[in-house]
1. Short version: ³J(HN,Hα) in whole Hz for each residue of the stretch 286-291, in order, from phi by Karplus 6.51 cos²θ - 1.76 cosθ + 1.60 (θ = phi - 60°), x for Gly and Pro, what are they?
2. Which log10 I(q)/I(0) values does the chain give at q = 0.09, 0.13 Å⁻¹ under the Debye formula, counting every alpha carbon as one identical point scatterer?
3. Find the relative contact order for the chain and round it to a whole percent, using C-alpha pairs within less than 8 Å whose residues are 6+ positions apart.
4. Can you give me the distance in nm between label points at Gln226 and Glu256, each placed 7 Å from the Cα along the Cα-to-Cβ direction?
5. Pairs to check: Lys66/Lys245; Lys270/Lys317; Lys286/Lys312; Lys66/Lys370; Lys280/Lys307; Lys106/Lys313. Give those whose C-alpha atoms are more than 25 Å from each other in this structure.
6. For the stretch 1-103, which trypsin sites (Lys or Arg not before Pro) are in a loop by DSSP, counting at most 12 other Cβ atoms within 10 Å?
7. Between Tyr44 and Lys106, what is the label-point separation in nm under the 7 Å Cα-to-beta-carbon projection?
8. If you filter the stretch 1-110 for chymotrypsin sites (Phe, Trp or Tyr not before Pro), then keep DSSP loop positions with at most 13 other Cβ within 10 Å, what is left?
Amino acid sequence: MRQREHLTPYGNKPMVTPIVSSVNYEYVSFEILREITEGEIDGYTYHRDDNPTVRAVEKEIALMEKAADCVICTSGMAASTMIFLTYLKAGDNLLTFHDTYGAIYKVALILEKLGVEITWLDAAEEKKVAEYIKPNTRMIFCETPSNPLVKIVDIRYLRQQADRVGAMLIVDNTFATPYHQLPLTLGADLVVHSATKGLGGHNDLMAGAVACSTKDHYDQLWFTRQAIGTTLDPFPANLLERGLKTFEIRAAKMAENAMAIAEFLSSHPKITRVYYPGLKNDPGYKTACRQMNNGFGGMLAFDVGKKQLHAKKFVEKLEVIYHAVSLGCTETLVCLPVLTTMLYLPQELRTIFGVRPNTVRLSAGIGDTKELIDDLKQALG
Ligand SMILES: Cc1ncc(COP(=O)(O)O)c(C=O)c1O
């Protein structure tokens, strides 16, 4: 006779959600099996369906985003793709912005093959949405602040436009994070995250998350994840749970560092443009003040000198700041978007929305502010 024992003596609960690596689960009874499969209780049968380590993190992110529930998956791109596959079909129009993470362009090529029509706009001209939205627009998808130029899109305005044609509004909140912005409270239907970034925060996991305004959306996205098998493994889920424990203090320090860096760069003669929504002269400042909280996030962009060579020399001289892609982690990182994330785009699209060959994107980490500014100073000198 097999014993069914508590996980710990006396049933004391572990402080950390256990990593359950089991792919399948022994059924206790046919009645429990029925209750799980009919959705009456949260239970587990097979990893592609659900996993307790992952489920604990989903509930935590749902709380952070003020969502009805959350679906976690293998990467930020898997999360966005699950959304497109769940809600779009041939003949539908997807209205989105050039100012989105480069790989969205690749997914758009796949969607076009499936018969979805895409409208691309510049996030700096969000008012054009009113002109370009169509009766068959089923979804508006935006990033705010956007990658890489941290342009701000007015979420409430997009909600109004989406409502004219009954479209969904999806906001990628990776740059802002829930510490600074809660898109569901501003009218978004879904919030998507690359949890690889600020939520995880340590460059050691890949995950995506979709926070859902309703239980219905959760059910629909869960259906897609279960069907295509983008369920996250419990090991990165455990790292993500650990990352979330320090998320708020990391986000606060990153925003403080980003603000100080943006102010420093704005007054430096070798810096020709600075993009940061926390600067009063930034085109996104007023909207950012209306929809962001606790500061303006840890991401900024700037142009060094006039040529790419100037930006490359600057990056190569950095000693504390790292030259690497990704963002939202403890270290401060820089990259040249035209040589990294924008490589996903055809040549003619790489610069049409404002990115220049000498544009540098910076992700502020949690290091000492003065040390970071001193590093920028010496590299520019
Ligand atoms: C804003 C944004 N969304 C989505 C993604 C995709 O995330 P992942 O790399 O986890 O697939 C990225 C990646 O850099 C991103 O910056």
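Taken together, the values in this text are just the output of simple stated rules run on the coordinates, not laboratory data. Just so it is clear, the model here is predicted, and its values are computed rather than measured. Using ideal geometry, Cβ is built from the backbone for each residue, glycine included, and neighbour counts are taken over all protein chains shown.
1. 5, 5, 4, 4, 6, 10
2. -0.53, -1.04
3. It rounds to 17 percent for the chain.
4. For Gln226 paired with Glu256, the spin-label model returns 4.5 nm.
5. Over 25 Å apart, Cα to Cα: Lys286/Lys312; Lys66/Lys370; Lys280/Lys307; Lys106/Lys313.
6. Here the trypsin sites (Lys or Arg not before Pro) that fit, given the DSSP loop and packing criteria, are Arg2, Arg4, Lys89.
7. 3.2 nm
8. When the chymotrypsin sites (Phe, Trp or Tyr not before Pro) of the stretch 1-110 are filtered for loop state and at most 13 Cβ neighbours within 10 Å, Tyr27 remain.
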